[in-house]
Structure formats: C-alpha cells, structure tokens
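K.L.:
If you scroll down you'll find the structure; I have some questions about it.
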Amino acid sequence: MRIDHGNLRALAAVVREGSFERAAAVLNVTPSAVSQRVKALEGRMGRLLVQRSVPAVATADGHILVHLAEQAALLEHDALTRLGLEDEAESASIAVAVNHDSLETWFIKAARIFSDRARATLDLQSEDQDHTAALLRNGAVLGAVTTLADPVQGCRIHGLGRMRYVASCSPQFHERYFSSGVSARTLAVAPVLVFNRKDAMQARFAAKVLRGEPWHPPVWWMPSSRAFVQATLAGLGWTMNPLPLIQRELDDGTLVPLRVRAWEDVPLYWQHWRINSETMDALTAAVLEASSELIRR
C-alpha cells in the first residue's frame with residue numbers, strides 16, 4: 001500500500017492547526033481541497049483518521065500517520081539541506097512537549113542554541129512534566145521533556161538531571177500560618193497555590209506531613225509558573241516553586257522555605273523518537289547542553 005505524500009501532509013496540517021480552514025491557509029490551498037485530501041487518505045486506509053470537532057483532533061489511527069508525516073517532513077528537510085538545497089526545502093518545525101517550569105527557566109536557552117545550529121524551528125507544547133510523555137506516546141510530538149524514566153517504545157532517552165522545587169511562602173504568610181510549625185493542622189488551613197488539576201507536587205509534599213490524613217486546603221488555581229512566584233510573594237499561599245525562579249528571593253528573604261529541607265528534586269529526561277535526523281541530533285545536543293547548566297544533578 002502506497003500513501004500519497006500530499007494527503008499525508010494535509011492530515012498532519014489539520015491536526016497541528018486544529019481546523020481544516022487553518023490547515024488550508026498553511027498549505028496555501030482551499031479548505032475544500034484539504035477536506036478532499038483527508039477523505040482520500042481515510043478511504044485509502046479504510047478508517048477514520050481525524051475527528052471533525054473543534055478543534056479537530058486525530059484518532060488513534062490518525063496519530064500514527066501524523067507521526068509518519070512529521071518524521072517524513074524532517075527527513076526531507078535534512079536531505080535537501082545536505083544537498084545544498086535548503087532554500088528549496090519547506091521550513092521544518094519540530095513538535096516538542098516541554099513541562100511548564102522548564103519552559104520558564106532553562107529550555108529557551110536550549111532553543112537558542114538549537115537555532116544557531118539548525119535551519120528549523122520548534123512547535124512547543126507546554127504540559128505538566130508527568131504528562132508530556134503521553135504526547136510523545138501518541139505521536140503528537142517528536143520529543144519531550146518528561147519525568148518518565150522508562151523509554152517510550154520507539155524512543156531514545158537521555159537523563160537531564162533534577163529540577164529542585166522548594167515549598168515556599170512569604171515571611172508574613174509563614175508567620176500567619178506556620179509559626180507553630182508545618183503540621184496536618186496548619187496545612188489544612190493554609191491556602192495553597194496549584195498550577196492545574198494535573199499538578200500533584202504540593203499534594204506529594206503535604207502527604208509527607210499528613211501521613212495518610214485527608215487534605216482539603218483552600219486552593220488558588222493558577223496556571224503560570226511566573227504567576228506562582230508573584231502570588232507567593234504577594235502572600236496568597238504557599239507552593240512548590242522551581243528553585244531557578246526563586247533563588248534570588250530566597251537569598252534576600254522575600255521568600256522563605258516552609259521548614260528545613262522543604263524541597264523535592266524531580267528527575268527530568270529528554271525522550272525523542274528514534275529517527276536518523278541531523279536536525280533532531282542538533283536539538284538533542286542543545287537540550288543536553290542547556291540542561292547541564294540549569295538543572296540540579
């Protein structure tokens with residue numbers, strides 16, 4: 001069975017852009033043409049490949065072909081570059097999942113190093129570090145910064161070190177809620193900042209103190225790493241802040257740890273699909289170089 005390359009590109013564009021209309025704009029064709037190409041591919045495969053929802057999303061079978069399309073585009077880009085025809089190649093963009101705190105701290109340096117070494121860009125998707133591997137597993141991205149120590153099937157894995165998180169709050173907040181110490185009683189009433197429903201880091205820290213007791217504190221839901229720091233400084237609550245974002249505040253005393261050794265070191269890994277691509281190799285080298293300086297070993 002042969003797969004039409006143009007139809008494959010149309011499917012990948014629909015899934016990446018989230019709609020047939022935006023995919024048409026990227027491919028410089030009409031939405032009707034994109035729809036016809038996707039339908040032709042579905043007819044060829046004999047199965048539904050994309051759900052016509054808002055946004056449009058790939059089915060499980062569709063993810064396999066989107067992954068194929070992304071790999072093929074990257075390999076084509078590398079081949080034309082080696083031939084000295086990079087000006088003829090379409091712009092390559094690698095889909096990568098990065099946890100929020102890495103994106104706010106060290107990963108932009110990796111992107112800068114990569115941009116100096118490759119004629120490609122990154123399509124960055126921000127996700128909780130415990131969930132980025134799911135995007136890699138279903139083919140939505142070609143690489144991911146993740147906490148998953150076991151390699152996803154078909155992927156290479158590189159250890160990056162550890163990101164340190166400190167349970168911290170403002171001195172005034174500490175005096176109000178933790179002057180008698182960090183206990184099940186004080187944690188029950190002290191407001192806590194949580195990134196989103198996937199963020200379990202604060203609960204893991206509290207569990208060490210609660211020892212099985214239920215925990216239902218007042219919660220501020222706040223999906224921004226830098227807003228976490230600002231909200232902690234403002235005294236809204238305590239949270240697990242990434243050390244690179246608050247080292248200066250800890251040094252000058254505007255933030256304080258909840259207690260002695262109030263930290264958790266989270267191991268991070270770079271995983272990417274096994275693909276003999278010079279561009280992917282350049283990205284991996286950039287990620288390893290940037291992380292070696294900014295993540296605690």
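K.L.:
Within the stretch 146-156, is there a residue that is in contact with a helix residue (DSSP H, G or I) (Cβ under 8 Å, 6 or more places away or on another chain), more than 30 Å from Ile64 (Cα to Cα) and touching a residue at least 24 places away in the same chain (Cβ under 8 Å)?
P.N.:
No - not one qualifying residue is present in the stretch 146-156.
K.L.:
Let me ask you something else. What's the total number of residues in the stretch 227-245 that are part of a helix (DSSP H, G or I) and either surrounded by fewer than 13 Cβ atoms within 10 Å (Cβ to Cβ) or of a type in the set (S, T, N, Q) (or both)? Write out each step before concluding.
P.N.:
In the first step, residues of the stretch 227-245 are kept if they are part of a helix (DSSP H, G or I); the result is 227-233, 243-245.
Narrowing the set further to residues that are either surrounded by fewer than 13 Cβ atoms within 10 Å (Cβ to Cβ) or of a type in the set (S, T, N, Q) (or both) leaves 230, 232.
Qualifying residue count for the region: 2.
K.L.:
Next question. Identify, from the list Glu42, Glu70, Glu21, the residue that is of a type outside the set (A, V, I, L, M) and within 28 Å of Thr279 (Cα to Cα).
P.N.:
Numbers: Glu42 fails: within 28 Å of Thr279 (Cα to Cα); Glu21 fails: within 28 Å of Thr279 (Cα to Cα).
Only one candidate qualifies: Glu70.
K.L.:
What pairs come up if the first residue lies in the stretch 200-213 and is more than 18 Å from Asp130 (Cα to Cα) and free of Cβ contacts under 8 Å to residues at least 24 places away in the same chain, the second is crowded, with 17+ Cβ neighbours inside 10 Å and basic (Lys, Arg), and their beta carbons are under 7 Å apart, counting only those six or more places apart or on different chains?
P.N.:
That search, which allows pairs on different chains as well, returns nothing.
K.L.:
So, of the residues in the stretch 268-293 that are in a loop (DSSP other than H, G, I, E, B) and not β-branched (Val, Ile, Thr), which turns out to be least open to solvent (accessible area, probe 1.4 Å)? Reasoning before the result, please.
P.N.:
At the first step, the residues of the stretch 268-293 found to be in a loop (DSSP other than H, G, I, E, B) are 274-277.
Cutting the leftovers down to not β-branched (Val, Ile, Thr) gives us 274, 276-277.
Working: Arg274: 135, Asn276: 138, Ser277: 1 Å².
Among those that are in a loop (DSSP other than H, G, I, E, B) and not β-branched (Val, Ile, Thr), it is Ser277.
K.L.:
Let me ask something additional. Mind checking whether some residue in the stretch 194-203 is surrounded by 14 or more Cβ atoms within 10 Å (Cβ to Cβ) and closer than 26 Å to Phe114 by Cα?
P.N.:
no
K.L.:
Taking the stretch 157-189, which residues are touching a residue at least 24 places away in the same chain (Cβ under 8 Å), more than 27 Å from Asp128 (Cα to Cα) and of a type in the set (S, T, N, Q)?
P.N.:
Gln172, Ser183
The values are calculated or read from the model by the stated rules, or taken from the named source; none is laboratory data. A quick note: this is a predicted structure, and the numbers were derived from the prediction, not measured. All Cβ positions, even for glycine, are placed from backbone atoms using ideal geometry, and neighbour counts span all protein chains on display. Surface accessibility is based on the protein's heavy atoms, side chains included, excluding ligands, DNA and RNA. Shrake-Rupley method; radii C 1.70, N 1.55, O 1.52, S 1.80 Å.
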